[in-house]
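A short write-up of the structure that comes next.
The values are calculated or read from the model by the stated rules, or taken from the named source; none is laboratory data. Since the structure is predicted, the reported quantities are computational estimates derived from the model, not experimental observations. In this analysis, Cβ positions are derived from the backbone assuming ideal geometry, glycine residues included, and neighbour counts consider all displayed protein chains. Areas reflect the complete protein model, heavy atoms only, side chains present, ligands, DNA and RNA absent. Shrake-Rupley method; radii C 1.70, N 1.55, O 1.52, S 1.80 Å.
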Amino acid sequence: MPYISPDLLFQTRSGVTPHVLWGVPWSETFFGAAFLEQKETLRKTIYALFQLAALENSADPSSWRDGFSQTLAPFLEADRLREVLKFSMCPEMRLPGAFPILAAARSLGTLASCGIFRFSETDRLFEELEQLTQDASALSVEEEPLCALLLAGELALTLACQLHFGKVFPRVSESACGDASVCDPGTVKAEVVKGRGSSKNADAKRFQREKKLRRQAKKVLSESLDLLLDGAGMPRADLLPCFRILAASWVRSRWLDLALQEDEKKDGIGSAGKGMPETVFDEDALSSFEWMIRQLIYLTRPDGSLIFSQSEEKNAFWCPELFVAALRLDSDRADKKLAVAVLPDLKIKDADRHENELPEPSLISPWGKTAVLQKNWRTRTSAVVSWGETMPRLEVLNRKLPMLSGDWGFRGLWNGRELRPVGEWTQLFWHSTERADYLELELELSANFTLQRQILLAKEENFMLFGDALSRDGFRGESVSRGKLQWTVQLPLMPGVRVEENVPALEHFVFFPKGGAGTFLPLSLPEWREELHGDGGPEVRENAFCLTCGSDHGALYAPIFLDLDAKRIPLARTWRRLCVGEKLQNVPPHRAAGFRVQTGESQWLIFRSLAESCNRSVLGRNLNSETFIGKFLEDGNCETILEVERSH
């Protein structure tokens, strides 16, 4: 594969994006308040260095000012550039400062050949960056993944490339420049020493420095791919907001690695023969890298933005350059076929357009604590759930637009005392078929409560079910004490999504800015507001659809039915809590709950046990399961969509 400079890879309809800005959310919420004052300075410096790098192979780089953007040119003045780089190296600016540092490292040779810095100053800057990347090697990849990858991994490899391709050390007879801070471009060009040094001693020193940098880069990049991704390329749940930044760094590093390999092949001597690592990406790292590219596609919305991102974040926008670069490095044609099929206006030359089968639309990563429940690749109706934090994160797509996005929150009170998490979320159950996707999670709460949280995507019926089941005795039903239990579920609305209550009913219609999206039905509450008693009920609060319900015992089930078919909004609908029978007696709601939902001609049955499973009857159906969801047929029979049988 011929090497193409990452700076010059892509000219797209979206404009030119500097490679160090791929996927970076330039927002205060991501980088902190200290970054805000320098935001524009850092960005414009990167853009200026990026444009300057395009002159690297020009006939006369000293004439860079001709036609250069007058807006960006001031950011390449030597004093100003020194100030920005000094500021970027401050410990408190370590993360946002990494991006202009990488841009400067990539442009070291050009800064000198264009006459902005003297060659001696460029070499001193190289030494400072070399020390910076060596210090960063002490960072923990698991605890500070971004800083470690950018400063200890990618920066080390970038500097190694600068040494390898002779961009630094030594080039200029400094006596020709006197004491001027910037050499005369004509003099500089005349005094450049061709090749990679004027002595064997200089070559040997440069070789040892390059070798050390490449070995450090190999260690950090391999560790990052191994520790931050599961075997299928899915990142940890807490890394989803910065997944594209990590991916962009791995992609740039892979291009640099290939550049080194390509050049060494030209010399006729492999890197191993020189004592260098054969490749920064060994077999395991390369496998993780290619799997990562597939997950990058799964975690991208139909408009190209990253899941869970908000519109004001930079990484909420489509960045085709990153995906084109990544897919050119991916040997799996299925990934390229998938990208072309689902990403906006993406064209990949060697994508296999004759391959009919796409990867399964749904997936789960127990290690990464992330699941994708998806109807198919054509409609992209889906839900993404990540449970690596105290509150799981939820995103629901309908009509290829984000409908819900953010923290899937809750608040509970037991006899007036708040219920708090006392453990971490664990995955109880995952089920995926052509008919439905189902995920169930569990969390231990204070006061001996256990929360089991469900999400179901019924693919053929086009609805979702969100259910919270709580129990104070581990869902055995033997010693559920009396008391006042209040529970609130919060489904996060995407900004711009509007919810309206269909007064006098408790159902709520959901609207996108352009058209209907669906309907919320709070199944644990009565259909009509006038029948509602107490403080509970559905409402829209703090940009979330909230459902509050209660119980006189230490157990309850709070399901929310979300109809995803906007065409059913005008149809008549109803829902009822059903009587559940056990041993010829009605079962109280704190032991088992059943519901019937009807929209137009379609009817569904929903059942959840809050005690030990046994033979129970609901609406003429005998059940011995913990969870049952089915659809009524025209002949009165109930067809199973999902049934969960589990012993405690």
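The lone criterion from (1) in contact (Cβ under 8 Å) with a residue 40 or more places away in the chain; (2) assigned to a loop (DSSP other than H, G, I, E, B) left unmet by V503 is number (1). With the structure loaded, tell me whether E395 is under 14 Å from the mean Cα position of the chain (by Cα), among the acidic types (D, E) and either closer than 21 Å to K459 by Cβ or modelled with pLDDT of 95 or more (or both) or whether it fails that test. So E395 passes the test. Taking the numbered list (1) modelled with pLDDT under 70; (2) open to solvent by 50 Å² or more (accessible area, probe 1.4 Å); (3) not in a loop (DSSP other than H, G, I, E, B) in turn, Q51 passes all entries but (1).
From G483, G496, G474, grab the single residue that is assigned to a strand (DSSP E or B) and either open to solvent by 80 Å² or more (accessible area, probe 1.4 Å) or of a type in the set (G, A, S) (or both). Steps first, please.
On the way: G496 fails: assigned to a strand (DSSP E or B); G474 fails: assigned to a strand (DSSP E or B).
G483 is the lone residue from the list that is assigned to a strand (DSSP E or B) and either open to solvent by 80 Å² or more (accessible area, probe 1.4 Å) or of a type in the set (G, A, S) (or both).
The set of residues in the range 448-479 being among the hydrophobic types (A, V, I, L, M, F, W, C) and without any contact (Cβ under 8 Å) to a residue 60 or more places away in the chain consists of L451 alone.
In the range 599-648, what count of residues is obtained for those that are open to solvent by less than 50 Å² (accessible area, probe 1.4 Å) and of a type in the set (S, T, N, Q)? So the answer is 7.
Residues in the range 613-628 that are over 18 Å from G477 (Cα atoms) and among the small types (G, A, S): G620 alone.
Looking only at the range 412-459, filter to residues that are in a strand (DSSP E or B) and of a type in the set (D, E); which one of those is surrounded by the fewest Cβ atoms within 10 Å (Cβ to Cβ)? Lay out the reasoning, then the answer.
Looking only at the range 412-459, we keep the residues that are in a strand (DSSP E or B), and these are 412-414, 417-419, 421, 426-432, 436-445, 450-458.
Those left that are additionally of a type in the set (D, E): 418, 437, 440, 442, 444.
Numbers: E418: 11, D437: 27, E440: 21, E442: 18, E444: 15.
By that ranking, first place goes to E418.
Under the condition of being part of a loop (DSSP other than H, G, I, E, B) and open to solvent by 50 Å² or more (accessible area, probe 1.4 Å), which residue from the range 392-411 is nearest to S365 (Cα to Cα)? The extreme case among them is K400.
Output the residues belonging to the range 508-523 that are outside any strand (DSSP E or B) and modelled with pLDDT under 95.
Going residue by residue through the range 508-523, those that are outside any strand (DSSP E or B) are 513-514, 523.
Listed by number, the residues that qualify are P513, K514.
Could you tell me which of the residues E440, E389 is out of contact with any Pro (no Cβ under 8 Å at 6 or more places or on another chain) and more than 21 Å from F561 (Cβ to Cβ)? Even if it seems obvious, please write down each step before you answer.
Details: E440 fails: more than 21 Å from F561 (Cβ to Cβ).
Just one listed residue meets the conditions, E389.
Please work out if A458 is of a type in the set (G, A, S) and in contact with a Leu (Cβ under 7 Å, 6 or more places away or on another chain). For A458, the condition - of a type in the set (G, A, S) and in contact with a Leu (Cβ under 7 Å, 6 or more places away or on another chain) - is not met. Where strands (runs of 3 or more DSSP E) fall wholly inside the range 569-648, the ranges with 2 or more residues that are within 19 Å of G467 (Cα to Cα) and touching a strand residue (DSSP E or B) at 6+ places or on another chain (Cβ under 8 Å) are 573-578, 592-599, 602-609, 627-632, 638-644. When the range 524-559 is filtered for residues that are in a loop (DSSP other than H, G, I, E, B) and either hydrophobic (A, V, I, L, M, F, W, C) or open to solvent by 10 Å² or more (accessible area, probe 1.4 Å) (or both), the ones remaining, listed by number, are S524, L525, P526, E527, L532, H533, G534, D535, G536, R541, E542, N543. Between D226, D203, the distinction of being surrounded by fewer than 17 Cβ atoms within 10 Å (Cβ to Cβ) and either among the basic types (K, R) or at pLDDT 90 or above (or both) belongs to D226 only.
Considering only residues that are outside any helix (DSSP H, G or I), surrounded by fewer than 21 Cβ atoms within 10 Å (Cβ to Cβ) and touching a residue at least 40 places away in the same chain (Cβ under 8 Å), which ones fall in the range 79-115? Spell out how you get there, then give the answer.
Residues of the range 79-115 that are outside any helix (DSSP H, G or I), as a first pass: 89-90, 107, 114-115.
Of the ones still in play, those that are also surrounded by fewer than 21 Cβ atoms within 10 Å (Cβ to Cβ) are 89-90.
Passing the criteria: only M89.
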